[in-house]
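Undergrad: Quick one: the structure is below, questions incoming.
The values are calculated or read from the model by the stated rules, or taken from the named source; none is laboratory data. Since the model is a prediction, treat every value here as computed from it, not as a measurement. FYI the Cβ positions are ideal-geometry reconstructions off the backbone, even for glycines, and counts take in every protein chain you see. These accessible areas exclude ligands, DNA and RNA; they are computed on the full protein's heavy atoms, side chains included. Shrake-Rupley method; radii C 1.70, N 1.55, O 1.52, S 1.80 Å.
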Amino acid sequence: MFHRVRGAAVAALAAAALLAPTGAANAADAAEDPGVAAPPLRDLAAESGRFFGLGISGPMLDQPRYTAIASTEFSSVTPGNEMKWGSVEPTRGNLDWTGADRIVDFAEEHDQEVHGHTLVWHSQLPNWVANGDFADGELRQVMTDHVTTQVGRYAGRIARWDVVNEPLNEDGTLRDTVFLREIGPGYIADALRAARAADPEARLYINDYNTDGVGAKSDGMYELVRSLLDQGVPLDGVGFQSHLILGQVPSSMRANLQRFADLGLEVAVTELDVRMQLPADAAKLEQQAADYGAVVGACVAVTRCTGVTIWGFTDADSWIPPTFPGQGAALPWDENYQPKPAYHAIVEALGGDPAPEPEPGACVADYRVTNRWNAGSTVDVRITTDRALAGWTVTFDLPVGESVVSSWNTSLTQNGTTVTARNAAWNGTVGAGGTLGFGFQTDSGAVYGAPVPALNGTVCTGAANT
Ligand code: 9MR
């Protein structure tokens, strides 16, 4: 997966930038050298001062092939569940920060921002809040204490907070929640003020879905945030979740983001996915690529759009299939962690080259059968790379009937005849001119011509030896 960056497009985006880059320093150098592997999505987004984010899944942090991508492609992470009230205070007064801390630590280890999600939401509330029997005024105190405690705990470590999540009905009126009933419409301002006091540096957002295009619900959001600003309530941004259906990106999305930006607010796409009826096919995947390109393009076209977060990256880990039976394939990487057309569309929308040319000679592969017996063989693969790697994926084909039964120094999968070997947690970093290596055992002793592996999508030259 090496991509060349279009220097002119990148320069144009950089010229449009208002915001400071989020990190990832060397993208500009890479852009000037057409022979250098293109940066990951986080670096492409940083060219215009934006983040490219991941709705990250705590339980997946134990899986090296998940973390290999989660740590390298994204400059921001949003905890999918771990910061919700029901997760951090399941029973009153018993705080559990284990899941949230793990994600914040992961982000800091990989030079990523954290988008805090979420403080005040009607869903995934602990039972003691959702069904509590509160005295007059008590829930207001409980809510502001919750905001103060959580924002204060992570003060200085959270870039943006979804302070209030999904406050609206589809017609744009305020949703009937325990907070609206017990506190009144002022709960939103109360929560924002408490958050600002607890961490003056964090950017404070209101976040909702079905507000992506111009319509009754986004009109309601527009009126809500305008009135908050009029009252001097601390609000910095509006999040547009963008849980979208194939082929249904609102044509007014860019204009909609722009009208909020024109209020002086930041805007961000916070939970993007594009679901389809299964099974996926080539035409659907192309439509999905166009949809992802349109959403990322809408953000890139709006100067105050700070970035895009996708709600998971692999179709192996998405909220869609369990929630919408028969639907799925909503993310830019497939279930085998391979980039889909949507990934390339994101690259292009961020100013990268979606159709990289193969660059033979960037790696030299030694595929060596080290042992062979009547019902098995062991193989060592060593690849010397011209370029420094921050994570690697090696692919090659085995003959029909040759199945891998175990592997070492890699996270390896086989799909039909295609083998995909990714780095393990400890061996993803390889210096320029360095060698990576891994091995596996098969269940066949058949003799076959050595395949020539590809490294990160580039076919190596072979120094093969079977
Ligand atoms: O991705 C989250 C999923 O794991 C949970 O089961 C679900 C429960 O509501 O919440 C998902 O994330 C939601 C997010 O917090 C707010 N916007 C809608 C998201 C999808 O439901």
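Undergrad: Here is a list: Val120, Val164, Val147. Which entry is touching a residue at least 24 places away in the same chain (Cβ under 8 Å), of a type in the set (A, V, I, L, M), closer than 20 Å to Glu201 by Cα and away from the ligand (no atom under 16 Å from the Cβ)? Talk me through it step by step, then tell me what you get.
TA: Numbers: Val120 fails: away from the ligand (no atom under 16 Å from the Cβ); Val164 fails: away from the ligand (no atom under 16 Å from the Cβ).
When all the criteria are applied, what remains is Val147.
Undergrad: Go through segment 429-465 and give me each residue that's closer than 16 Å to Trp373 by Cα, among the hydroxyl-bearing types (Ser, Thr, Tyr) and not in a loop (DSSP other than H, G, I, E, B).
TA: Applying the first criterion (closer than 16 Å to Trp373 by Cα) to segment 429-465 yields 440-448.
Next, from what is left, pick out any that are among the hydroxyl-bearing types (Ser, Thr, Tyr): 442, 444, 448.
Selection gives Thr442 alone.
Undergrad: Find all pairs meeting these conditions: Cβ atoms under 8 angstrom apart; at least six residues apart or on different chains; first residue within segment 308-335 and in contact (Cβ under 8 Å) with a residue 12 or more places away in the chain; second residue open to solvent by 40 Å² or more (accessible area, probe 1.4 Å) and near the ligand (Cβ under 10 Å from one of its atoms).
TA: Trp311/Trp319; Gly312/Trp319
Undergrad: Another question, if that's okay. So which residues in segment 382-401 are of a type in the set (Ser, Thr, Tyr) and within 28 Å of the chain's Cα centre (by Cα)?
TA: Hits for segment 382-401 are Thr385, Thr393, Thr395.
Undergrad: Could I ask something else about it? Looking only at residues in segment 198-227 that are among the hydrophobic types (A, V, I, L, M, F, W, C) and in contact with a Pro (Cβ under 9 Å, 6 or more places away or on another chain), which one is surrounded by the most Cβ atoms within 10 Å (Cβ to Cβ)? Working first, answer last.
TA: Of the residues in segment 198-227, the ones among the hydrophobic types (A, V, I, L, M, F, W, C) are 198, 202, 204, 206, 214, 216, 221, 224-225.
Retained after the next criterion (residues that are in contact with a Pro (Cβ under 9 Å, 6 or more places away or on another chain)): 204, 206, 214, 221, 224.
Values: Leu204: 24, Ile206: 26, Val214: 16, Met221: 22, Leu224: 22.
It comes out as Ile206.
Undergrad: Between Gln288, Gln248, Gln258, Gln241, which is surrounded by fewer than 17 Cβ atoms within 10 Å (Cβ to Cβ) and either over 17 Å from the mean Cα position of the chain (by Cα) or farther than 19 Å from Thr303 by Cβ (or both)? Break it down into steps so the answer makes sense when it comes.
TA: Working: Gln288 fails: surrounded by fewer than 17 Cβ atoms within 10 Å (Cβ to Cβ); Gln258 fails: surrounded by fewer than 17 Cβ atoms within 10 Å (Cβ to Cβ); Gln241 fails: surrounded by fewer than 17 Cβ atoms within 10 Å (Cβ to Cβ).
Going through Gln288, Gln248, Gln258, Gln241 in turn, just one is surrounded by fewer than 17 Cβ atoms within 10 Å (Cβ to Cβ) and either over 17 Å from the mean Cα position of the chain (by Cα) or farther than 19 Å from Thr303 by Cβ (or both): Gln248.
Undergrad: Return a yes/no flag: does segment 206-217 have any residue that is more than 16 Å from the ligand (Cβ to nearest atom), under 25 Å from Ile158 (Cα atoms) and in contact (Cβ under 8 Å) with a residue 40 or more places away in the chain. Write out each step before concluding.
TA: So the first thing to find is which residues in segment 206-217 are more than 16 Å from the ligand (Cβ to nearest atom), and the list is 213-216.
Going one step further and asking which of them are under 25 Å from Ile158 (Cα atoms), we end up with none.
No - not one qualifying residue is present in segment 206-217.
Undergrad: Name the residue, out of Ala30, Ala46, that is modelled with pLDDT under 95, away from the ligand (no atom under 16 Å from the Cβ) and surrounded by 16 or more Cβ atoms within 10 Å (Cβ to Cβ).
TA: On the way: Ala46 fails: modelled with pLDDT under 95.
One residue alone meets the criteria, Ala30.
Undergrad: Can you tell me which residues in segment 203-219 are of a type in the set (A, V, I, L, M) and touching a helix residue (DSSP H, G or I) at 6+ places or on another chain (Cβ under 7 Å)? If you could, list the steps in order and put the result at the bottom.
TA: Taking segment 203-219 as the starting set, the residues that turn out to be of a type in the set (A, V, I, L, M) are 204, 206, 214, 216.
Listed by number, the residues that qualify are Leu204, Ile206, Val214.
Undergrad: Looking at Ala342, Ala283, Ala330 in this structure, which one is assigned to a loop (DSSP other than H, G, I, E, B) and modelled with pLDDT of 95 or more?
TA: Ala330
Undergrad: Shifting gears a bit: Quick check on my filter: what residues within segment 298-328 are within 16 Å of the ligand (Cβ to nearest atom), of a type outside the set (Ser, Thr, Tyr) and open to solvent by 10 Å² or more (accessible area, probe 1.4 Å)?
TA: Step one: list which residues in segment 298-328 are within 16 Å of the ligand (Cβ to nearest atom), which gives 308-325, 327-328.
Now narrow it down to the ones that are of a type outside the set (Ser, Thr, Tyr): 308, 310-313, 315-317, 319-322, 324-325, 327-328.
Those that are within 16 Å of the ligand (Cβ to nearest atom), of a type outside the set (Ser, Thr, Tyr) and open to solvent by 10 Å² or more (accessible area, probe 1.4 Å): Trp311, Asp315, Ala316, Asp317, Trp319, Pro321, Pro322, Phe324, Pro325, Gln327.
Undergrad: Also: Is there a residue in segment 370-382 that is closer than 11 Å to Cys460 by Cβ, part of a strand (DSSP E or B) and touching a residue at least 60 places away in the same chain (Cβ under 8 Å)?
TA: Yes: one or more hits.
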